[in-house]
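Asks: Below you will find the structure I want to go over with you.
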Amino acid sequence: MQGQTSPQPSESSPNASNAGFGVGRISGCRSVPCELYAPGPKVRPEALKGLKKPVVVVRLVVGEDGRPRDVEVVKGVSPELDQAALDGVKRWRFTPAKKDGKPVAVKVNIEVSLAPS
């Protein structure tokens, strides 16, 4: 089973509930990005030993092209699991957020729940 993900609102912004993402500083008719392709991270079962429902919080920018960039761990579990979450999220693809009908880059936080792959 691959890891599951769930979005988490950005601490400094309101919850954009239509897609489940919090987007930093929403203003002026901005839509939020939606995930199109979100494979789970590849995790060795041994790396999860002794952990109950490990979750890594990742912050990233969804670019105008729908690709993640500037991906970083905000709240980690261990170096190996943090890297697995980063590697997984870097493969994701999104529909970009839009402002005034044009794609824009936005910063989001995502919770990545880890499970053996």
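Every number here is computed from the coordinates shown, using simple stated rules; none is lab data. What you see is a predicted model; the values in this text were computed from it and never measured. All Cβ positions, even for glycine, are placed from backbone atoms using ideal geometry, and neighbour counts span all protein chains on display.
Asks: Pop the C-beta distance of residue 80 and residue 36 into the FRET formula with R0 = 25 Å and round what comes out to the nearest 0.05.
Replies: Values: r = 27 Å, r/R0 = 1.10.
That pair, residue 80 with residue 36, gives E of 0.35.
Asks: Shifting gears a bit: Around residue 85, with a cut-off of 12 angstrom between Cβ atoms, what is the net charge of the other residues, counting Lys and Arg +1 and Asp and Glu -1? Don't skip to the end; give the middle numbers.
Replies: Details: positive: 42, 59, 75, 90, 91; negative: 72, 80, 82, 87, 111.
Residues close to residue 85 contribute a combined charge of 0.
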